[in-house]
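The values are calculated or read from the model by the stated rules, or taken from the named source; none is laboratory data. Please read all numbers here as calculations on a predicted model, not as lab measurements. FYI the Cβ positions are ideal-geometry reconstructions off the backbone, even for glycines, and counts take in every protein chain you see. All accessible areas refer to the heavy atoms of the entire protein, side chains included, with ligands and DNA or RNA removed. Shrake-Rupley method; radii C 1.70, N 1.55, O 1.52, S 1.80 Å.
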Amino acid sequence: MGGANEVGLLAAADFAARKHKGQRRNDAEATPYINHPIAVAALLARVAGVKDLLTLQGALLHDTIEDTETSAEEIEVRFGKAVRRLVLEVTDDKTLPRPDRKRLQVERAAKLTSRARLIRVADKICNLDDMNFTNPGGWSLERKLGYLDWSVEVIGQIRGIHPGLEKLFDTIVAEKRQLLATPQPAEAAP
Ligand code: ZN
């Protein structure tokens, strides 16, 4: 019964694309935002071998409630209660100040369901991958290091969910740390 899966998966991609319309990522090319949830779902399918429709839908929709005008009810009406619960698991409360949100993400990581853990790890991998660690005009070195340390802390709470994904996460963290430790060449003269 692959058909139902494909319809449900494409419906989630379509829904997320409409919701994130006009939003851009914080990378050097200002990539359309939708590339991110698609990359998270694709990573889960490709690296972790995830075939579970609910997990992949959750991945595609994981930033809709947090970053767009989407309500949990809307997700439930279209995709059901289980998808709503999963998306809420990986949604930060944007009404809280940033330090509180970051602390809560660490504290709650250990309580996540396995589906939410998979999404969380893939999300962190994609975020680190996208982050513009070399852009001199972007975040300060301190903020980049802080983001790396925080990501490591969150993932530290949920290890054991998928060795391959966790290994990929560790590799990316090591790469980024190396990059930050290397002095960047000054911007090329015109
Ligand atoms: Zn995300």
Q) For the chain, modelled as a GNM with alpha-carbon contacts under 10 angstrom, which of Thr68, Thr95, Thr55 fluctuates the most? A) Thr95
Q. Comparing Arg103, Arg117, Arg84, which has the greatest mean-square fluctuation in the GNM of the chain with Cα pairs linked when under 10 Å apart?
A. Arg103
Q | Alpha carbon centroid spacing (whole Å) that separates region 76-102 from region 1-41 | A | 17 Å
Q) Excluding ligands and nucleic acids, what accessible area in Å² is computed for Arg143 using a 1.4 Å probe, to the nearest 10? A) 110 Å²
Q) For Thr113 and Thr95 in the same chain, what is the full-extension length gain: residue separation times 0.36 nm, less their Cα-Cα distance, in nm? A) 4.1 nm
Q. Given the options Ala17, Ala59, Ala45, which has the most mean-square fluctuation in a GNM of the chain, springs set between C-alpha atoms less than 10 angstrom apart?
A. Ala45
**Q.** Computed over the chain, Kirkwood Rh from alpha-carbon pairs, angstrom
**A.** 17.4 Å
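Whats the longest run of the chain with zero GluC sites (Glu not before Pro) that are DSSP loop and have at most 16 other Cβ atoms within 10 Å? Kindly include the intermediate steps, with their values, before the conclusion.
Values: sites that count: Glu29, Glu69, Glu187.
Here the longest run is 70-186.
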(Q) Could you report the accessible area of Ser114 in Å², rounded to 10, computed with a 1.4 Å probe on the protein chains as they sit in the structure? (A) 70 Å²
Q.
Given a 1.4 angstrom probe, what's the average accessible area per residue across the chain, in square angstrom?
A. 55 Å²
Q. To the nearest 10 Å², what's Val173's accessible area with a 1.4 Å probe?
A. 10 Å²
**Q.** Solvent-accessible ranking of Lys94, Lys51, Lys19, Lys176, largest area first, probe 1.4 Å
**A.** Lys51, Lys94, Lys19, Lys176
Q. About the Cα centre of region 4-181, what is the dipole size in debye to 20, counting +1 per Lys and Arg Cβ and -1 per Asp and Glu Cβ, all else neutral?
A. 240 debye
Q. Near Lys81, which lysines are there with a Cα under 28 Å away, not counting those fewer than 8 places off in the same chain?
A. Lys19, Lys21, Lys51, Lys94, Lys102, Lys111, Lys124
